[in-house]
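Below is one structure, written out as structure tokens; comments come after it.
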Amino acid sequence: MHRNGIRSIMGAAAALALVPWAGAGALAADSLGDALTGGKVLFNLRYRYEFVDQAGFSRDARASTARLRLGYETGLYHGLSALAELENVTAVGAEKYDSTANGLTSYPIVLDPEDSELNQAYLSYAGVPHTTFRFGRQRITLDNLRFIGNVGWRQNEQTYDAHSARFTPVEAFSLFYAHMNNVNTVSGEHHPDPSKADRNVFADLLNVSYRFPIGTLTGYAYLLEFEDEPAISHRNLGVRFSGSHEFSDAVRLLYTAEYADQSDYKDAPATVDAGYLFAQAGVGLKWFTVKAGYEVLEGDGVYAFQTPLATLHAHNGWADKFLVTPADGLEDATLSLEASLAGMRLVAVLHDFGADAGGADYGSEIDLLISRTFQKKYTAALKYATYDADTFATDTDKLWATLELRF
């Protein structure tokens, strides 16, 4: 664990020890024992085969990996609880892919390096009405993961060393605040390049939402200082509205609109200045949903809108060609269809990518998914992405086969 993460947990433990209702003298041993033994085991096993055919490489990547998460969450005792979770990623068979840690650079990158680490470890306190505090290494996901996410698609999850609080005085209202001092990246804690293993940050997140009958209005302020990468530090101020309207039991109108402003923060240069716009509308019918969307990450040839802590795989194409926004920015026009058929989930997404500045055509992408969950524990999925490059990146085809067990 990063030293700042250790300090976070030790500091939280010391603070909680001073709270009268959490002191040892106020606890009954048998009740504490019940809390410790009456908790919940956390188990998740996921096998994935990922194939990548990318122009410019003479070899195709074939990544066969297994991810095991094993943890335990205690029961509540006077509002206190604790959670600890370990994570292991192992290559199954020969490594025929560049994990960025194995030195196999003749293959395309599949960012699933072998590693074992502490994925989550936090103390939680829910003794204040309508409020939950967490202290330590934790998963943080906000809204649609466009700005702050856990990158759950990769085998090694992204988690944060942080103090956080969520306040929900009524069901419709939620206020979330977190102070983060370290990002545990998908590259793994023991990556040979320390800069890829951890990102030292001094970040404050504020997210406030209220659910109206026609949708949820959210306002947010994310102040991100990257201590080892000061030039990319930035401030995001934004507003988002997402909702639906039912015309009948079989027909729903879906809509989302979002705007954010990104500016320089702390030691970042004044060139860090860009806007973000997203609009989506759709119709949901009994067994399928169709949506059309348009997203703009502004760029001026020097700087473009960036979201380095997002779950980026969920946005701008599953081929992951836009993990860093090009300097000329990005426009992404999408058309998606999602259906349920015979217990299966079917998804198809079309992307058309272009530059915000200059109007260049970057390329296009088709994404396809078929998955099914059995008994709420087992999930099997096939997923495919094909990116056709025009002026940005290279032609790429990716195929995934996944089996997952969780309880």
The set of residues whose placed amide H lies less than 5 Å from the amide H of Gly39, leaving out same-chain residues fewer than 5 positions away, is Gly75
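Can you list which of the GluC sites (Glu not before Pro) found in region 146-223 are DSSP loop residues with at most 10 other C-beta atoms within 10 Å?
Those that pass, being in a loop and sparsely packed, are Glu171.
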Probe 1.4 Å, all chains present, heavy atoms only: Met344 accessible area in Å², nearest 10, is 60 Å²
When the charge dipole of the chain is computed with +1 at the Cβ of Lys and Arg and -1 at the Cβ of Asp and Glu, the Cα pointing farthest to the positive end, of Tyr222, Phe212, Leu350, is that of Phe212
Zone reached by a paramagnetic label modelled 7 Å from Leu285 Cα along Cα→Cβ, restricted to region 227-251 with backbone N below 11 Å, covers 251
The size of the Cβ-based charge dipole (Lys, Arg +1; Asp, Glu -1) of the chain about the Cα centre, to the nearest 20 debye, is 1760 debye
A chain fully extended from Asn102 to Ala357 at 0.36 nm per residue, minus the present Cα-Cα distance, gains in nm 88.0 nm
Rounded to the nearest 10 Å², the 1.4 Å probe accessible area of Leu237 is 90 Å²
For region 79-95, in residue order, the Karplus 3J(HN,Hα) values (coefficients 6.51, -1.76, 1.60; θ = phi - 60°; whole Hz; Gly and Pro = x) are x, 9, 8, 9, 9, 9, 9, 9, 9, 10, 10, 10, 6, 9, x, 5, 7
Counting sequence-distant residues (5 or more places) and residues on other chains, those with an amide H built under 5 Å from that of Thr216 are Ser242, Gly243
Note to self: C-alpha centroids of region 221-285 and region 153-183 sit apart, in Å, by 17 Å
Under the helix-only model (-39500 (n - 2.57) for each DSSP H run of 4 or more, divided by the residues of the chain), the mean residue ellipticity at 222 nm, to 500 deg cm²/dmol, is -2000 deg cm²/dmol
So for R0 = 51 Å, FRET eff. of Ile214-Ala270 from the Cβ-Cβ r, to 0.05, ends up at 0.85
Total charge of the residues flanking Ala389 in space, meaning their Cβ is under 10 Å from its Cβ, with Lys and Arg +1 and Asp and Glu -1, is -4
Once Lys and Arg are counted +1 and Asp and Glu -1 for all other residues with Cβ under 9 Å from that of Gly299, the total becomes -4
With every protein chain kept in place and a 1.4 Å probe, region 43-96 has an accessible area per residue in Å² of 46 Å²
Once both label points are put 7 Å beyond Cα along the C-beta direction, the Phe407-Asp60 separation in nm becomes 3.7 nm
Taking 0.36 nm per residue of separation between Leu323 and Val239 and subtracting their Cα-Cα distance, the length gained on full extension comes to 28.0 nm
Karplus-derived 3J(HN,Hα) from phi for region 141-158 (6.51 cos²θ - 1.76 cosθ + 1.60, θ = phi - 60°), whole Hz, x at Gly and Pro, runs 10, 10, 6, 9, 6, 6, 10, 10, x, 10, 6, x, 5, 6, 5, 9, 6, 8
Filtering chymotrypsin sites (Phe, Trp or Tyr not before Pro) in region 171-255 by DSSP loop and by at most 12 other Cβ atoms within 10 Å leaves Phe247
Heavy-atom accessible area per residue of region 292-341, all protein chains kept, 1.4 Å probe, expressed in Å², is 37 Å²
Once phi for every residue in region 324-330 is put through the Karplus expression 6.51 cos²θ - 1.76 cosθ + 1.60 (θ = phi - 60°), the whole-Hz ³J(HN,Hα) values, with Gly and Pro written as x, are 10, 5, x, 4, 7, x, 8
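How large is the dipole of region 157-278 about the Cα centre if only Lys and Arg carry +1 and Asp and Glu carry -1, each at its Cβ, rounded to the nearest 20 debye?
My answer is approximately 500 debye.
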If the chain between Thr37 and Leu277 were fully extended at 0.36 nm per residue, the gain over the current Cα-Cα distance would be 81.5 nm
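In what sequence, largest accessible area first, do His163, His190, His78, His234 appear using a 1.4 Å probe?
Highest to lowest solvent-accessible surface, that is His190, His78, His163, His234.
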With DSSP loop assignment and no more than 16 other C-beta atoms within 10 Å, the trypsin sites (Lys or Arg not before Pro) in region 31-95 are Arg59
The percentage of the accessible area of the chain (probe 1.4 Å, all protein chains present) made up of carbon and sulfur atoms, to the nearest whole number, is 61 percent
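The values are calculated or read from the model by the stated rules, or taken from the named source; none is laboratory data. Just so it is clear, the structure is predicted and the values come from calculations on it, not from any experiment. A quick note on method: Cβ atoms are made from the backbone with ideal geometry, for glycine too, and the neighbour counts reach across all protein chains shown. Keep in mind that these areas ignore ligands, DNA and RNA; they rest on the heavy atoms of the full protein, side chains included. Shrake-Rupley method; radii C 1.70, N 1.55, O 1.52, S 1.80 Å.
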